[in-house]
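Written below as structure tokens is the structure these notes are about.
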Amino acid sequence: MALLSIRDLDVQYPVAGQLVPAVRGVNLSVGEREILGIVGESGSGKTVSCLSLMGLLGPRAEASGTVRYDGRDIDIANVTQERRQGRLPLAMIFQDPTGGLNPIRTIGSQIAEIFVHRDGASKKAAWEKAVELLDSVGIREPRERAASYPHQMSGGMNQRAMIAMALAASPRVLIADEPTTALDVTVQAQICKLLRTLVERDGISIIFVSHDLDLVTSFCDRVSVMYRGSVVETATSEAIRRSPKHRYTSALFAAIPGHRPPFSELEEIPQDLDAPVSALPANPPEPQPRPVPSGRTDRPIAIKVEDAVYHFTKRRWFGRSTHVTKAVDGISFSVPAGTTFGIIGESGCGKSTLASLLIGDREPQAGNISIGGQSMRELLAHGRRDYARRVQMVAQDHYGSMDRRQTVGPQIEEACRIHFPDRSAAQRREDVIRMLQAVGLGEAHYAKFPHQLSGGQRQRVAIARALIVEPDILICDEPTSALDVSIQAQVLNLLLRLQRDLDLTILLISHDIRVVAHMSHAIGVMQAGVMVEQGPASEVLSNPQHPYSRSLFAAAPTSARANWSVPAHDHRLQLRDAIS
Amino acid sequence: MTRAVLIAFARLFITVLLAVTFVFIILRVSGDPARALLPLDAPEEQIEAVRAEWDLDKPLPQQYLTYILKLASGDFGLSMNDRQPALQVVAEKIPATVLLMGTGLVIAFTVGSALGLIAASFRGRAPDRLIMSLAIFVHSIPSFLFGILLILLFAVALRLLPSGGGPSPLHLLMPAAVIGLSQAGVVARFVRSSTLEVLAQPYITVAGLKPLPRWYFIRAHVLPGSALPLLTLFGFSLGGIIAGAAIVESVFAWPGVGRFLVFSVARRDVAVVQTIVVLVATMMAFANLMTDLLYAFFDPRVRTS
């Protein structure tokens, strides 16, 4: 019997004078000591459903539905009141733990204030309770940490503090909205482990919201899949993983890299927003396994990095007491032409600094980088133009990397004008349109402004803009991290196709092991400015040598390790064991 | 931390030195003080005599050096007008100006903060629009015009308040209102936008979920964040108020430093003008230093970095 459920939830928001539905007829329920996962892409209504449970929809929303808690029905309009009066013991944690804490107050005081004002506890007693709670969520030295400010703690620690704060409300159900999305994968595993502890130790039920189907199906007991404002399927994680009933679910799995052999085509979920769910392909066609390209060592070396070093030095006044961040600390690797080298690492490991070295944005302080056998220093000595033509970049922020006041066609053409001045205007325009078609867009997109395009379309424009100058090398720094899984599938498919057609050399940087595993011929693992391990993709993935790589791979949630030939374990156990 | 304070003081010293130098140059290239001091038909010998007496016949670098050295030893020179020590004549006028500016600041920040908070809580609705229109109005109307309007209304038509003079509480009301209200407009806009910004922060959502009384929630989570930017504004508006004081004091015949400055500039009383500018510059630089230190005191993110 369910502890908490929500029935027939409808939420609408007024947009330009019309009510637009955000969720339609949603039914969700979570049992005692259960973790319910809600998974869906952006706009699927997963967050709106949670906010309505907490009474956080905001004054403009029109909501109807019933919440049933412990055998008692509560109208959705009354949940805030019921929660405030303690008859609906829910608490919520959010995606951005650091932003969720008041920056000018200590962690401890933000927890202690609850006891002071709810229970009338003395300040000292409340502080002691706060310290106890911090201890119970696995924060080491809780007394010292209680006196710290949010900016002095890591994201993972802040999320623990947020959980402690939520626990202060003595909730029976904890709603966690993308609680690990902003965190590194090893930290994600630790937070998941903590949440599981809360269930087993404190008897709390959890509603866990995520966009990551792999994470949800490996961590939660039961999963509800949401799509365009409705729940399309609810089943145990096991059942969802083994035999998804709904076509959207199976399509979503097929869109995640790691569920199909490396280099094979990923499922692209139709994007026309008006199509009913039934319009999805009945059964996604089995992918055609493509021969996995070998290391292709016969090819000439396109990128060669030898002992590259880049340190950031923070100089205080009068040159004394310097603080050095070793972003890139003696890295060497080489990439054969026409292959992809994938770099995996967590935030702060120096992978983006490495990218900036490769595009010539910064010069290495020591060591060498050569492109097609020529040293970067020599190439840059003749000016940036020639270098920029051969090495192009696709950045993570598809919106920020574009000029918002200019249509996308001229932005693509701009580089063309610089590098091929002898082409006529008509010819350049033709080139741009051909390139737009090559990335799956068309002439109609030439005169569109960036804000008129979707995220996936913008990232395609970014790829078109990079490729228009016919580069040999494409540096992709987290090219799909800001995109939904189904859009990510489109972009990855595009990159694979372009590499085949144009014989591109790709350096792919990502925090997502699944993406790197799907796209790369060779893989390097970075930690604190050092490449701790590198080699052919299949070897690194199936038999990681360095302890850091092992913990990183083990922490990655995936239900498709078979394709990496990593020994299969119970996934929940793996998450628990992943603590470094 | 101590290093940061030392650097701040060094910066303060440089600011004051620059201001002093600037005034020294301006006053000497904009006309001959000796001629301004004497009647138009004064004989050439008398002018030369005055020049010699005030060192005005020495080369400029020498005048500058003497001046700086004297300043450093606390000697601000003699007022050319009545041969009293300039520092003393100016000091006599300071209390009246401090009273006026202080009252103006209090009005600006209390009225402005209150209106800003009201506007923020009624965002987009009638009270918000009314307050924001008023804020622009009071700030854009020139203070001499505002002052004259008040005089016409309260002194001439209603005969409630004295039109000028002072210093007394009754005399203080109108000039302080002119100074305070025009700055209150800026404060209100600032408080409104910083409050709205804070209210949109995720930590406000999180804090709103806790079982906290409304007053405590506002006092502990909303106000501190929305009041922090006021520190910056305080440093800025002090400058505006000092500049405004010269005009307002003249309009209301308030016996303060501002009116005295206008008077002394007209008379080319070099020593007095220099004294006032040094004092004002020191105070401004000091106010900015205080702003920085207060930031460090109130904002842990600044304190620890």
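The values are calculated or read from the model by the stated rules, or taken from the named source; none is laboratory data. Just so we're clear, the structure is a prediction, and the values are computed from it rather than from any experiment. Note that each Cβ is placed from the backbone with ideal geometry, even for glycine, and that neighbours are counted across all protein chains shown. Side chains included, ligands, DNA and RNA excluded: accessible areas come from the protein's heavy atoms. Shrake-Rupley method; radii C 1.70, N 1.55, O 1.52, S 1.80 Å.
Per residue of B:219-227, how many C-beta atoms from partner chains lie within 10 Å of its own C-beta, taken as a mean?
Details: counts 0, 6, 5, 1, 0, 4, 4, 0, 0.
Per residue, the average neighbour count from other chains is 2.
Mind checking which of B:Ser193, B:Leu152, B:Gly165 is farthest towards the positive end of segment B:73-223's charge dipole, using Cβ charges of +1 (Lys, Arg) and -1 (Asp, Glu) about the Cα centre?
B:Ser193
Ignoring ligands, DNA and RNA, how much accessible area is buried between chains A and B, both sides summed, with a 1.4 Å probe, to the nearest 100 Å²?
Working: alone 25490 and 16940 Å², together 40260 Å².
Its buried surface, counting both partners, is about 2200 Å².
For segment B:85-170, take N as its residue count and report Rg(C-alpha) divided by 2.2 N^0.38 Å. Working shown, then result.
Working: Rg = 17.2 Å, N = 86, 2.2 N^0.38 = 12.0 Å.
Compared with the compact-globule rule of thumb, segment B:85-170 sits at 1.44.
If you place +1 on the Cβ of every Lys and Arg and -1 on the Cβ of every Asp and Glu, how big does the dipole about the Cα centre of segment B:24-164 come out, in debye to the nearest 20? Spell out each step's value before the answer.
Details: 11 positive and 12 negative charges, 223 e Å.
That gives a dipole near 1080 debye.
Computed over the Cα atoms of segment A:1-151, what is the convex hull's projected area averaged over all directions, in nm²?
Working: hull surface 44.8 nm².
The directionally averaged projection comes out at 11.2 nm².
Which Cα, out of A:Val23, A:Ala537, A:Ala121, lies furthest along the positive dipole direction of chain A (beta carbon charges, K/R +1, D/E -1)?
Among A:Val23, A:Ala537, A:Ala121, the one farthest towards the positive end of the dipole of chain A is A:Ala121.
Just to verify a number: FRET efficiency for B:Ile218 and B:Ala243, C-beta to C-beta distance, R0 = 35 Å, to 0.05?
On the way: r = 35 Å, r/R0 = 0.99.
Given R0 = 35 Å and the Cβ-Cβ separation, E is 0.50.
How about B:Lys58: which lysines have a C-alpha closer than 26 Å to its C-alpha, ignoring those fewer than 8 places off in the same chain?
Cross-link targets: B:Lys70.
Can you give the Rg/Rh ratio of segment B:29-112, where Rg is from the C-alpha atoms and Rh is the Kirkwood radius?
Details: Rg = 18.4 Å, Rh = 15.8 Å.
Ratio of gyration radius to Kirkwood radius for segment B:29-112: 1.16.
With each label point set 7 Å from Cα along the Cα-Cβ vector, what nm distance links B:Val156 and B:Ile136?
Simple spin-label model gives 2.9 nm for this pair.
Identify all aspartates and glutamates with a Cα-Cα distance to B:Lys93 below 20 Å; exclude those on the same chain that are fewer than 8 residues away in sequence.
Result set, ordered by chain and number: B:Asp75, B:Asp82, B:Glu249, B:Asp269.
Tell me what the protein assembly as shown gives for mean residue ellipticity at 222 nm when only DSSP H runs of n ≥ 4 count, each as -39,500 (n - 2.57), the sum divided by the residue total, rounded to 500 deg cm²/dmol. Intermediate results must be reported in sequence, preceding the final value.
Numbers: 35 runs with 437 residues, N = 885.
Computed mean residue ellipticity for the protein assembly as shown: -15500 deg cm²/dmol.
Mind checking the full-extension length gain between A:Leu19 and A:Glu144? Use 0.36 nm per residue of separation minus the Cα-Cα distance, one decimal, nm. If you can, show how the numbers build up before the last one.
Numbers: separation 125, 0.36 × 125 = 45.00 nm, distance 5.01 nm.
Full-extension gain reported as 40.0 nm.
Say each of A:Leu380 and B:Arg267 gets a label point 7 Å from the Cα, pointing the same way as Cα to Cβ; how far apart are those two points in nm?
Modelled inter-label distance: 6.6 nm.
Contour minus end-to-end for A:Arg84 and A:Arg362, with contour as 0.36 nm per residue of separation and end-to-end as the Cα-Cα distance?
Details: separation 278, 0.36 × 278 = 100.08 nm, distance 5.44 nm.
Extra length from A:Arg84 to A:Arg362 when fully extended: 94.6 nm.
Would you give the gap between the C-alpha center of segment A:502-516 and the C-alpha center of segment A:23-62, rounded to a whole Å?
34
Mean Kyte-Doolittle hydropathy of 1.0 or higher plus an axial Cα length of 24 Å or more: which whole DSSP H helices in chain B meet both? Walk me through the numbers before you get to the answer.
Working: long enough: B:2-29 (41 Å, 2.17); B:86-121 (50 Å, 1.58); B:169-199 (41 Å, 1.09); B:223-251 (38 Å, 1.58); B:270-298 (41 Å, 1.87).
Helix filter hits for chain B: B:2-29, B:86-121, B:169-199, B:223-251, B:270-298.
Assuming 0.36 nm per residue, please report the length gained on full extension of the stretch A:Asp73 to A:Arg497 beyond their Cα-Cα distance. Don't jump to the answer; show the numbers that get you there.
On the way: separation 424, 0.36 × 424 = 152.64 nm, distance 5.41 nm.
Separation in residues times 0.36 nm, less the Cα-Cα distance, equals 147.2 nm.
Hey, how much of the P(r) for chain B falls beyond 28 Å, as a percent of Cα pairs? Provide the component values of the computation, followed by the final result.
On the way: 24523 of 46360 pairs.
Distances greater than 28 Å cover 53 percent of the Cα pairs.
In Å³ and rounded to a whole number, note down the convex hull volume per residue for the Cα atoms of segment A:449-505.
Cα convex hull per residue, to the nearest whole number: 78 Å³.
Placing +1 on the Cβ of each Lys and Arg and -1 on the Cβ of each Asp and Glu in the protein assembly as shown, which of A:His311, B:Gln88, A:Gln411 has its Cα farthest towards the positive end of the resulting dipole?
Positive-most Cα among the choices belongs to B:Gln88.
Once a ≥ b ≥ c are taken as the square roots of the eigenvalues of the Cα gyration tensor of segment B:45-189, is the result rounded (a/c under 1.5), prolate (a/b larger than b/c) or oblate (a/b not larger than b/c)? All intermediate terms of the calculation are to be shown ahead of the outcome.
Details: a/c = 3.16, a/b = 2.20, b/c = 1.44.
Cα axes put segment B:45-189 in the prolate bin.
Only bridges whose two residues both fall in segment A:464-540 count here: according to DSSP, what percent of them are antiparallel, nearest 5?
Values: 6 of 11 bridges.
Around 55 percent of the beta bridges assigned by DSSP in segment A:464-540 are antiparallel ones.
Nearest 0.05, what FRET efficiency do A:Ser424 and A:Glu470 give at R0 = 22 Å with Cβ-Cβ as r? Mind showing how you got there, number by number?
On the way: r = 17 Å, r/R0 = 0.79.
Once rounded, the FRET efficiency stands at 0.80.
Where the centre of each part is set by its Cα atoms, how far does segment B:139-180 sit from segment A:340-364, in angstrom?
66
Could you work out, residue by residue across A:100-109, how many beta carbons of other chains sit within 10 Å of that residue's beta carbon, and then give the average as an integer? Provide the component values of the computation, followed by the final result.
Working: counts 8, 4, 11, 7, 11, 7, 1, 0, 0, 1.
If you average over the peptide's residues, the count of other-chain Cβ atoms is 5.
Please report how far the C-alpha centroid of segment A:166-216 lies from that of segment A:406-421, rounded to the nearest whole angstrom.
If we compute the Cα centre of each part, the gap is 47 Å.
With contacts defined as alpha carbon pairs under 8 Å and 6 or more residues apart, what's the relative contact order of segment A:1-100 in percent? Walk me through the numbers before you get to the answer.
Values: 154 pairs, mean separation 28.5, N = 100.
Result for segment A:1-100 is 28 percent.
Taking all protein chains as present, what is the carbon and sulfur share of the accessible area of segment A:123-228, in % to the nearest whole number, probe 1.4 Å?
Numbers: 1680 of 3430 Å².
Answer for segment A:123-228: carbon and sulfur cover 49 percent of the accessible area.
Please state the relative contact order of chain B as a whole percent: Cα pairs under 8 Å, 6+ residues apart? Could you put the intermediate results ahead of the total?
Working: 341 pairs, mean separation 83.5, N = 305.
The normalised contact order for chain B reaches 27 percent.
Angle check, please: helix A:455-467 long axis (alpha carbons) against the longest principal axis of chain A (alpha carbons), in degrees 0 to 90, nearest 10.
Approximately 20 degrees, to the nearest ten.
What accessible area per residue, rounded to a whole number of Å², is obtained for segment B:1-138 using a probe radius of 1.4 Å?
In whole numbers, segment B:1-138 has 60 Å² accessible per residue.
With +1 on the Cβ of every Lys and Arg and -1 on the Cβ of every Asp and Glu, and nothing else charged, how large is the dipole of segment A:41-88 about its Cα centre, in debye rounded to the nearest 20?
Values: 7 positive and 6 negative charges, 33 e Å.
So the magnitude is around 160 debye.
Once label points are set 7 Å from the Cα along Cα→Cβ at both B:Phe9 and B:Ala91, what is their separation, rounded to one decimal in nm?
Here the answer is 2.3 nm between the modelled labels.
Got a number for carbon plus sulfur as a percent of segment A:48-87's accessible area, 1.4 Å probe?
On the way: 850 of 2070 Å².
Using a 1.4 Å probe with all protein chains present, segment A:48-87 comes out at 41 percent carbon and sulfur.
Just add up the charged neighbours of A:Lys351: K/R +1, D/E -1, any other residue whose Cβ is under 11 Å from the Cβ of A:Lys351. Please report the intermediate quantities before stating the final value.
On the way: positive: none; negative: A:Glu346, A:Asp477, A:Glu478.
Combined, the nearby Lys, Arg, Asp and Glu give -3.
Could you put A:Arg84, B:Arg219, A:Arg72, A:Arg222 in order of accessible surface area, largest first, with the 1.4 Å probe and the full protein assembly present?
Values: A:Arg84 165, B:Arg219 135, A:Arg72 95, A:Arg222 55 Å².
So the residues, ranked largest to smallest area, are A:Arg84, B:Arg219, A:Arg72, A:Arg222.
With +1 on each Lys and Arg Cβ and -1 on each Asp and Glu Cβ, how big is the dipole of segment A:345-427 about its Cα centre, in debye rounded to the nearest 20? Mind showing how you got there, number by number?
Details: 11 positive and 10 negative charges, 24 e Å.
Here the size comes out at about 120 debye.
With a 1.4 Å probe and all protein chains left in place, how much accessible area per residue does segment A:115-195 have, in Å²? Don't skip to the answer; put the middle values down first.
Values: 3190 Å² over 81 residues.
Roughly 39 Å² per residue, with all protein chains present.
Return the residues of segment B:261-301 for which accessible area with all protein chains present is lower than in the chain on its own by 50 Å² or more; set the probe to 1.4 Å and exclude ligands, DNA and RNA.
By number: B:Pro300, B:Arg301.
For the protein assembly as shown, what proportion of DSSP beta bridges, expressed in % and rounded to the nearest 5, is antiparallel?
On the way: 52 of 88 bridges.
Expressed as a percentage, antiparallel bridges in the protein assembly as shown total about 60.
Arrange the peptides A:119-125, A:373-379 so that the one whose residues have, on average, the most other Cβ atoms within 10 Å appears first.
Values: A:119-125: 11.9, A:373-379: 14.6.
Ranking, from highest mean packing down: A:373-379, A:119-125.
Helix A:425-438 against the longest principal axis of chain A: what's the angle in degrees, Cα atoms only, rounded to the nearest 10?
50
Average projected area of the Cα convex hull of chain A, in nm²?
On the way: hull surface 118.5 nm².
With the hull built on Cα positions only, its mean projection is 29.6 nm².
Can you list the lysines whose alpha carbon is less than 17 Å from that of A:Lys326, not counting same-chain residues fewer than 8 positions off?
Result set, ordered by chain and number: A:Lys314, A:Lys351.
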